[in-house]
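Following: one structure in structure tokens, then a few remarks.
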Amino acid sequence: MTYDYLIIGAGLFGSVTSYCLFRSGKKCLLIDKRPHIGGNVYTESINGINVHKYGAHIFHTSNRRVWDFVNSFVEFNRYTNSPVANYKGKLYNLPFNMNTFYQMWGVTTPEEAAERIEKQRKESGIVNPKNLEEQAISLIGKDIYYTLIKGYTEKQWGRKATELPAFIIKRLPVRFTFDNNYFNDKYQGIPIGGYTALIEKMLEGVEVRLGTDYLGDKSYFDSIADKVIYTGEIDRYFDYCFGHLEYRTVRFETELLEGVANFQGNAVVNYTDADTPYTRIIEHKHFEFGQQPDTVISREYSAEWKPGDEPYYPVNDERNSTLYRRYKELADAQDKVVFGGRLAEYKYYDMHQVIESAWKQVDKLLHTSYNE
Ligand SMILES: Cc1cc2nc3c(=O)[nH]c(=O)nc-3n(C[C@H](O)[C@H](O)[C@H](O)COP(=O)(O)OP(=O)(O)OC[C@H]3O[C@@H](n4cnc5c(N)ncnc54)[C@H](O)[C@@H]3O)c2cc1C
């Protein structure tokens with residue numbers, strides 16, 4: 001055999017496993033069908049601005065080892081995600097905090113804000129919420145729901161909030177402090193120079209072939225390596241024998257605005273009304289505090305997925321969960337191939353979680369305890 005390991009997919013899962021295996025002295029080949037490394041975290045430079053091509057990515061973790069790991073390749077900046085919501089031209093801070101409550105009601109103390117929310121929750125009279133709308137109102141009251149949740153959620157899911165199940169919103173975190181930091185994690189930031197620079201560093205020394213579809217010549221690729229790590233779609237691997245797994249997808253309309261140095265003053269602005277067709281506008285330069293004379297923005301449109309579209313978010317309903325379990329049974333029966341990452345496990349992973357999961361996989365393969 002030419003290689004100990006053939007790794008399919010140069011996203012974060014494939015890149016982390018390649019790095020660990022290569023460092024352990026294994027001979028590895030990493031291939032990706034796309035013409036670039038990085039998978040969905042890939043950033044491309046447009047007029048000197050790192051554009052998050054497959055959607056905005058903000059790294060956050062409370063795991064010190066994960067944070068040290070990513071920072072050992074490139075330095076991360078101090079970016080803190082503080083999205084702003086635009087509802088019919090009026091701006092509100094997110095996540096829901098004292099700034100939001102001041103903007104919504106003019107209240108200035110935590111006590112007044114808590115009273116407002118409690119009053120609206122009681123007035124709703126909802127005890128057993130039957131759908132997402134009732135669930136949200138019973139948790140936070142009607143003002144926040146109608147201004148900041150309803151329109152956004154309906155655009156995201158392409159369905160009325162009264163037709164969505166209540167369990168989608170389990171809780172709505174509320175902060176009674178003036179803190180606009182979206183994440184609660186200990187560490188957060190963006191790799192200076194973009195995610196592509198991070199992955200490039202991680203893959204130094206690893207043999208990589210791009211624009212190469214493993215399933216286009218599976219028997220050849222299987223013949224050149226002892227073991228295969230597959231991070232592509234699990235249903236595609238098995239030729240959709242049980243049918244397609246479904247996803248929600250996002251369409252990005254990306255625009256270079258030449259001569260505009262600052263379009264919206266923030267990396268992320270959510271449009272929470274029903275009439276604006278997009279859910280968010282991302283202004284990429286603000287992830288890295290860019291001072292370029294131009295800017296690049298992406299409008300995000302949430303869309304129903306159909307075969308051939310980019311698969312973004314798995315749909316964890318009964319049909320898809322059952323279908324995935326059937327594919328997983330087939331996957332577990334393969335002895336040469338292991339399945340990992342968001343597409344092969346049909347699972348939403350944040351970046352820090354996919355790194356932890358890749359470490360676990362390496363531990364299993366090498367009988368080490370890298371992840372402890
Ligand atoms: C819109 C969006 C926004 C997100 N924002 C954040 C965020 O802010 N913070 C965060 O922590 N996480 C975020 N995530 C999650 C993050 O994108 C994932 O954790 C990460 O990309 C998963 O990496 P992966 O390697 O599993 O998958 P991928 O990045 O999808 O990599 C899989 C790779 O396999 C390749 N491949 C598939 N099949 C084949 C084949 N047959 N042959 C060759 N190559 C193949 C694909 O081309 C792809 O490059 C976001 C996800 C989405 C969808």
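Taken over the range 104-138, the criterion of being among the β-branched types (V, I, T) and more than 19 Å from P173 (Cβ to Cβ) is satisfied by T108, T109, I126, V127. Could you tell me whether the range 196-207 includes any residue that is more than 14 Å from the ligand (Cβ to nearest atom) and either closer than 30 Å to R159 by Cβ or free of Cβ contacts under 8 Å to residues at least 40 places away in the same chain (or both)? Looking for residues that are more than 14 Å from the ligand (Cβ to nearest atom) and either closer than 30 Å to R159 by Cβ or free of Cβ contacts under 8 Å to residues at least 40 places away in the same chain (or both), one finds at least one in the range 196-207, hence yes. Candidates G216, G259, G205, G211: the one that is modelled with pLDDT of 95 or more and outside the structural domain of Q361 (by TED's automatic domain parsing) is G259.
Yes/no per residue for (1) of a type in the set (A, V, I, L, M, F, W, C); (2) farther than 25 Å from V315 by Cβ:
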{"residue": "E123", "(1), (2)": "no, yes"}
{"residue": "A136", "(1), (2)": "yes, no"}
{"residue": "T147", "(1), (2)": "no, yes"}
{"residue": "E163", "(1), (2)": "no, no"}
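Selection over the range 206-241 of residues that are under 30 Å from G48 (Cα atoms) and either open to solvent by 60 Å² or more (accessible area, probe 1.4 Å) or in a helix (DSSP H, G or I) (or both) gives a count of 3. Filtering the range 295-344 to residues that are more than 11 Å from the ligand (Cβ to nearest atom) and within 30 Å of Q264 (Cβ to Cβ) leaves T295, V296, I297, R299, Y301, A303, E304, W305, D309.
Within the range 141-162, the residues that satisfy the criterion of being without any contact (Cβ under 8 Å) to a residue 60 or more places away in the chain and assigned to a helix (DSSP H, G or I) are K142, D143, I144, Y145, Y146, T153, A161, T162. For the residues A136, A197, the requirement of being open to solvent by less than 40 Å² (accessible area, probe 1.4 Å) and not assigned by TED's automatic domain parsing to the domain that holds F73 singles out A136. Checking T80, T61 one by one, the residue that is within 21 Å of Y182 (Cα to Cα), open to solvent by less than 20 Å² (accessible area, probe 1.4 Å) and among the β-branched types (V, I, T) is T61 and no other.
Taking strands (runs of 3 or more DSSP E) as the structural unit, those lying wholly within the range 1-91 and holding at least 3 residues that are more than 8 Å from the ligand (Cβ to nearest atom), under 30 Å from I144 (Cα atoms) and in contact (Cβ under 8 Å) with a residue 12 or more places away in the chain correspond to 84-87.
Scanning the range 295-319 for residues that are touching a strand residue (DSSP E or B) at 6+ places or on another chain (Cβ under 7 Å) and closer than 19 Å to Y349 by Cβ, which turns out surrounded by the most Cβ atoms within 10 Å (Cβ to Cβ)? Ranking the qualifying residues of the range 295-319, first place goes to P311. Please go through the range 193-205 and pick out each residue that is of a type outside the set (A, V, I, L, M, F, W, C), at negative phi and assigned to a loop (DSSP other than H, G, I, E, B). Answer for the range 193-205, where residues must be of a type outside the set (A, V, I, L, M, F, W, C), at negative phi and assigned to a loop (DSSP other than H, G, I, E, B): just E204. Is the range 104-118 home to any residue that is aromatic (F, W, Y), open to solvent by less than 50 Å² (accessible area, probe 1.4 Å), more than 16 Å from the ligand (Cβ to nearest atom) and at negative phi? Yes, some residue in the range 104-118 is aromatic (F, W, Y), open to solvent by less than 50 Å² (accessible area, probe 1.4 Å), more than 16 Å from the ligand (Cβ to nearest atom) and at negative phi. Just one of the listed residues (K347, K285) is touching a strand residue (DSSP E or B) at 6+ places or on another chain (Cβ under 8 Å), more than 14 Å from the ligand (Cβ to nearest atom) and touching a residue at least 24 places away in the same chain (Cβ under 8 Å), and it is K285.
The values are calculated or read from the model by the stated rules, or taken from the named source; none is laboratory data. In this text, all values refer to a predicted model and were calculated from it rather than measured experimentally. Every residue, glycine among them, receives a Cβ derived from its backbone with ideal geometry; neighbour counts consider all protein chains shown. Accessible surface areas use protein heavy atoms only, side chains included; no ligands, DNA or RNA. Shrake-Rupley method; radii C 1.70, N 1.55, O 1.52, S 1.80 Å.
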